[in-house]
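The values are calculated or read from the model by the stated rules, or taken from the named source; none is laboratory data. Every value quoted in this text rests on a predicted model; they were computed, and no experiment measured them. Note that we place each Cβ from the backbone using ideal geometry, even for glycine, and neighbour counts take in every protein chain shown. For accessibility, only protein heavy atoms count, side chains too; no ligands or nucleic acids. Shrake-Rupley method; radii C 1.70, N 1.55, O 1.52, S 1.80 Å.
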Amino acid sequence: VQLVESGGGLVQAGGSLRLSCAASGSPFSINVMGWYRQAPGKQRELVATITFSGGVTNYADSVKGRFTISRDNAKNTMYLQMNSLKVEDTAVYYCNAGGVEIMRDKYLEVWGQGTLVTVSA
């Protein structure tokens, strides 16, 4: 199972970006997906999570009201719409998924390679 992120880039403060994360490879029944980020010199932190069955979401306080996480179950894809971006949102954003690899009936936690988001003043 692989996670492939896209959508990062450079944007001015106040602008918007949309990140995508697609799961591919071995059939994978996803329970939950999430976005994490790591800024230079800081620890990786949770941004938002979403359950695939009920669409229950959870956000870090720092992004509430600005970021929206969503998913497309049919495509095994998750999105993060980021609005009103701030300089402090600059980080490498990582996609994470937890679920069952169907062919092996094994629970896995998978990480993407990360995508860089840079917000300029």
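Miscellaneous remarks
- Among residues of the stretch 73-88 being hydroxyl-bearing (S, T, Y) and under 15 Å from the mean Cα position of the chain (by Cα), the one that is nearest to Q43 (Cα to Cα) is Y79.
- Residue in the stretch 102-112 that is in contact (Cβ under 8 Å) with a residue 12 or more places away in the chain, touching a strand residue (DSSP E or B) at 6+ places or on another chain (Cβ under 8 Å) and over 21 Å from F52 (Cα atoms) present: no
- Scanning the stretch 33-52 for residues that are at pLDDT 95 or above, open to solvent by 60 Å² or more (accessible area, probe 1.4 Å) and either among the basic types (K, R) or in a loop (DSSP other than H, G, I, E, B) (or both) turns up K42, Q43, R44.
- Subset of the stretch 16-32 (residues that are buried (at least 21 other Cβ atoms within 10 Å of the Cβ) and among the polar types (S, T, N, Q)): none
- Candidate set from the stretch 16-31 (those that are of a type in the set (S, T, N, Q) and outside any strand (DSSP E or B)); member that is nearest to the chain's Cα centre (by Cα): S16
- Take the conditions (1) assigned to a strand (DSSP E or B); (2) open to solvent by less than 30 Å² (accessible area, probe 1.4 Å); G55 misses just one of them, which is (1).
- Remark: E88 falls outside the filter, which requires a residue to be closer than 14 Å to G34 by Cβ and either open to solvent by 60 Å² or more (accessible area, probe 1.4 Å) or part of a strand (DSSP E or B) (or both).
- The lone exception for M103 - which of (1) closer than 24 Å to A13 by Cα; (2) open to solvent by 20 Å² or more (accessible area, probe 1.4 Å); (3) among the aliphatic types (A, V, I, L, M) it fails: (1)
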